[in-house]
1. 222 nm [θ] for the chain, helices only, -39500 (n - 2.57) per DSSP H run of 4+, per residue, to 500?
2. What lysines does Lys66 reach when the alpha-carbon gap must be under 21 Å and sequence neighbours fewer than 8 apart in one chain are set aside?
3. What distance in nm separates the two pseudo spin-label positions at Arg49 and Ser86, each 7 Å out from Cα along the beta-carbon direction?
4. Between Arg14 and Asp246, what is the label-point separation in nm under the 7 Å Cα-to-beta-carbon projection?
5. Quote the charge dipole size of segment 29-132 about the Cα centre in Debye, to the nearest 20; the model charges only the Cβ of Lys and Arg (+1) and of Asp and Glu (-1).
6. Using the Cα gyration tensor of segment 188-271, with a ≥ b ≥ c the square roots of its eigenvalues, what is the shape: rounded (a/c below 1.5), prolate (a/b larger than b/c) or oblate (neither)?
7. Could you work out the relative contact order of segment 1-122, using alpha carbon pairs under 8 angstrom and six or more residues apart, expressed as a whole percent?
8. Find the centroid of the Cα atoms in segment 42-110 and in segment 135-154, then give the distance between the two in whole Å.
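Just so it is clear, none of the values below were taken in a lab; they were calculated from the coordinates. This structure is a prediction, so every number in the text was calculated from the model and none was measured. Cβ atoms come from the backbone with ideal geometry, glycine included; neighbour counts cover every protein chain shown.
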Amino acid sequence: KAPTGSFDYGDTDRWASSYPLCGGPMQSPVELTATRTTISRTPKLRFARGLKDGEVEVTNTGREIKLKLLPKNRTEPLLELVSYSSPMNGAYTFAQMHFHWGPGAQHHGSEHCVNDQYTDAEAHFVFFNSRYGGFKEAVRHFDGLLVIGVMLRGAQQPGGLAFPTLGLENKLDTIDLPGNRLTMSADLTYFKTLLQHAVGNFYSYHGSLTTPPCNPVVTWMVAAKPVDVSSTFLERLRTEIFEDADGTRPLVNNCRPTQGRSGRTITKHIS
Ligand code: BO1
Ligand code: ZN
């Protein structure tokens, strides 16, 4: 048995031998298509608490780049999303955001596939159900987590709604190796705009964490439309961020292949 926390993207079919849940039903990601999909008119989602200026902690975990918000007063969630209709049916508190990306060129880097399209990368905004008070307790419940996925498309000159990199491109050298982290202050208002876009038209289904231990406790909401991100930024993620302490293996291809849908309902929500 592999040590806790150890898994390999070259070997996704064997995750289940160390993490049984990864071989179970209701796994993520999946292919999301407009056909064989239920359409639902969904009331606009509300943010109970919003993002303002804040301190952000950015970590190279060796698997991904992860962003956390650092609240000044730890009892106050910095971002809470509320909806009393399906698929959320409650309030969810923001935990962290991270990216998945590919090796570039002809290879995709998103985990989900929307309308037969993979994109260069995918951002995940991870929330836990506020009724469970924290992530650890939430992963023990069917309705414990909400992850909002935003498909990212590399663009020379991002137009329209572009992904906010928060000035991270000037600081990548400090998080090149796993375990490295930095704290920076950032204007987070644009994240709210992006999330507002994502929760306008989206696909939802019940799935899992896309990494071990693959708990099938995630309400997935994936934005129907991809968002642009600078292709230079993506290329720098692929070449300047490493998965090993020696800085010899670039961190690329941290995306799990799509999993069987096996009878699950996918709903397309239109606001
Ligand atoms: S994902 O959004 O399905 N790719 C995903 C996969 C794994 C996690 C989160 C989201 N992992 C968990 C860790 C916890 C940690 C939590 C919040 O993220 O297993 O230890 O507390 O950062
Ligand atoms: Zn993810």
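1. When only DSSP H runs of four or more count, the value is -2500 deg cm²/dmol.
2. Excluding near neighbours in sequence, the set is Lys52, Lys136, Lys171, Lys192.
3. Placing both labels 7 Å beyond Cα along the Cβ direction yields 3.0 nm.
4. Going from the Asp246 label point to the Arg14 one covers 2.1 nm.
5. Roughly 540 debye, rounded to the nearest 20.
6. Oblate, because a/c is 1.5 or more while a/b does not exceed b/c.
7. 21
8. Spelled out, the Cα-based centre of one part sits 9 Å from the other.
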